[in-house]
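Just so you know, all these numbers are worked out from the coordinates, no wet-lab data involved. Model, not experiment: these values are computed from the prediction. With ideal geometry, Cβ positions are generated from the backbone for all residues, glycine too; neighbour counts draw on all protein chains shown.
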Amino acid sequence: MATVHIIGAGVSGLAAATLLAERHVPVKLYEASTHAGGRCRSSQHRSLGTVDHGLYVTSPADTQWQRYLTRIGASDATVTFAAPPLPRAPLADYAQALLMLGGHGQVSQLPAENWLREGWLAPWVRGIFGQAMEHMPVGALRHQWRRLCRRHLAMAARQASEDYISPALSTLEAWGGSVYFGHALSKLEWDGARPTHLHFARKKIPLAPDDIIILAVPGPIAHGLLPSLPVPLPMQPAITVHFHSLHRETVPSLVFPVDAPMDMIRYSAERMSVSIRVATRAWPRSDGAIAAQLWRALQQLHPYLAQLPTPPHVVIREKQAGHTVAPLTPVDAQQGAIILAGDWLDPLQPATLEIATAHGHRAAELAMAQLPQKHRPTQQHFYLNSRN
Ligand SMILES: Cc1cc2nc3c(=O)[nH]c(=O)nc-3n(C[C@H](O)[C@H](O)[C@H](O)COP(=O)(O)OP(=O)(O)OC[C@H]3O[C@@H](n4cnc5c(N)ncnc54)[C@H](O)[C@@H]3O)c2cc1C
């Protein structure tokens, strides 16, 4: 049977791989680094143990993400937070915001004097979508509105790698898929329009004529491998700082502070985790300076922390956290013989776990439709009729 070769074990590649393996399609997943998860992952640190590289917030309205979690048996691996209630703002401000939502252009066209702009929308747009107001198109916000209107937001109950990634690898393995770490694809070899070999640093893997390739790598890397792809969108950095928790409240909570140097804070019994999703300005500063500034901001929010020195902390930098949304045409997932996946295919939508898994699932469906008829998996149903 034809094999589907998937390049990149981020959530998009994992969504594609687990869906295909579930349908009994032979899958080989190649990952450049020594771990899966890509931009959704956790790492070990001497001072604080395992910490996440971002405060990955999702919504129960993220249907493709929920589908992925269900498939890997992790649908109850999340902790949910009640979303903040609608703020008390003048009715006229709401009317203006609704008019803006029905139109076109950027969200930042909402006038500065509208209370909802900086007091409500900006922290959400930065914290959840990782976009500055001036880059967030109204159309994208409309598309994402369901997420904001849900009464709950969700995060990994323990850590992203443990809750979202390891179960996917176990599921894939249980269904017969193979994962190859330390395999960075450097080149595709072609015979006319057909790819014949995958080139990695130390080996070259031949492809059978019916084999299919899914490229689930970030936009800039996909462009390097397939130069005919549109030039990738500019990427922006994110910084997450985890402090050893000195917070009095031990119930987990999620806060979107207004007028603060951070976009989101997650409080748990062990940590106070602070995220700057749009970190272009903070990026050149040293880790120490960033941690000190964020600790001062936390002290302002919680006066009882005021006399305490900066606790042990870990600063995590992600230089290319996600793209800046832009009013460009989406990239076609089917590029000749190659199928694309990843969070960057629709430049109008911010990079999210929902978008990444949606494109992973779409790539798997395209691959299944492309398998030769005789190899195509069939859904099998077993009916057990009760005799009573
Ligand atoms: C700090 C931060 C905070 C975030 N917060 C949120 C949030 O709150 N909510 C939300 O929904 N989303 C959030 N996101 C976005 C979300 O994490 C990403 O959109 C998603 O993880 C992207 O998945 P992907 O599979 O498309 O890409 P990636 O995760 O980048 O996966 C691509 C994989 O391909 C591998 N690779 C690259 N080149 C090669 C090669 N040549 N050969 C083989 N493998 C290769 C990479 O190592 C990587 O594992 C956040 C991201 C960051 C960085």
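Points worth noting:
- By other beta-carbon atoms within 10 Å, ranking TRP145, TRP65, TRP295 with the fewest at the front produces TRP145, TRP295, TRP65.
- Under a model in which nothing but the beta-carbon of Lys, Arg (+1) and Asp, Glu (-1) is charged, the range 235-323 shows a dipole of about 160 debye around its Cα centre.
- Simple Cβ-charge dipole of the range 1-116, Lys/Arg +1 and Asp/Glu -1, about Cα centre, in debye nearest 20: 360 debye
- Charge dipole of the chain (Cα centre as origin; +1 on each Lys and Arg Cβ, -1 on each Asp and Glu Cβ, all else neutral): 340 debye, rounded to the nearest 20.
- Of all DSSP beta bridges in the chain, antiparallel share, percent nearest 5: 75 percent
- Relative contact order (percent, whole number), the range 84-149, Cα cutoff 8 Å, 6+ residue spacing: 36 percent
- Order by protection proxy (mean Cβ within 10 Å, highest first), peptides 96-102, 14-20: 14-20, 96-102
- With the charge dipole of the chain set up from +1 on Lys and Arg Cβ and -1 on Asp and Glu Cβ about the Cα centre, the Cα lying farthest toward the positive end among the listed residues HIS361, TRP175, GLN144 is that of TRP175.
- Relative contact order [Cα under 8 Å, 6+ residues apart], the chain, whole percent: 24 percent
- Backbone geometry of the range 311-317 corresponds, through the Karplus equation with coefficients 6.51, -1.76 and 1.60 at θ = phi - 60°, to 3J(HN,Hα) couplings of x, x, 8, 10, 9, 10, 10 Hz, x marking Gly and Pro.
- Helix-only mean residue ellipticity at 222 nm for the chain, each DSSP H run of n ≥ 4 adding -39500 (n - 2.57), per residue, nearest 500: -8000 deg cm²/dmol
- Proximal lysine pairs, the chain, alpha carbons under 18 Å, eight or more residues apart or interchain: 5
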